[in-house]
Amino acid sequence: MDVPTREMKPRSLRLIDSIISKNAARAIVFFDESETAIISVMENAQAHVIFRGRVQGVNFRAFAARVAGSLGLEGWVKNLPDGSVEAVFEGQKSLVEEAIKRCRTGPSFADVEDTKIEWRPYEGGTGGFSIRY
């Protein structure tokens, strides 16, 4: 099977390589009718989040892991000694924001009273989402 290919100018290839090598975004290249490359960039991000309220003993960590998995995010979640829950979500920024939004609602017996979010540079490579103990 022959797969159609398009030749791109070296300058365009350098731009794509620069975007991807910074590991802060994912680039998709489209071509318009005149064979001009159109680059769509999706920003990746990491959010370090502390959820406070009734978040332990209510299946919150399992809920957060299901949410992250359903959105294709990486990271982890764990209980903290003070009764809060700490989580790190990594992936496409809009999906990270959606995960935080869903976790603010939480499972049925949870009551999230406060959420502290610290945005950090995307690191990647955690290989999925886990519950830490």
**Study point:** Potential extension, Arg66-Arg120 segment - 0.36 nm per residue separation minus Cα distance
**Key:** 17.2 nm
Review point. By how many nm would the segment from Glu113 to Leu80 grow when fully extended, if each residue of separation counts as 0.36 nm and the alpha-carbon distance is taken off?
Key: 10.3 nm
**Study point:** Net charge over other residues, Cβ less than 10 angstrom from the Cβ of Tyr133 (K, R count +1; D, E count -1)
**Key:** +3
Review point. What nm distance separates the two modelled labels at Glu43 and Arg104, each placed 7 Å from Cα along Cα→Cβ?
Key: 1.8 nm
Review point. With Cβ to Cβ distances under 12 Å as the rule, what net charge do the other residues near Arg120 carry (K, R +1; D, E -1)?
Key: -2
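FYI, it's all coordinate maths here, none of it is from the lab. Because the structure is a prediction, the values reported are computed rather than measured. Cβ: placed from backbone, ideal geometry, glycine included. Neighbour counts: every protein chain shown.
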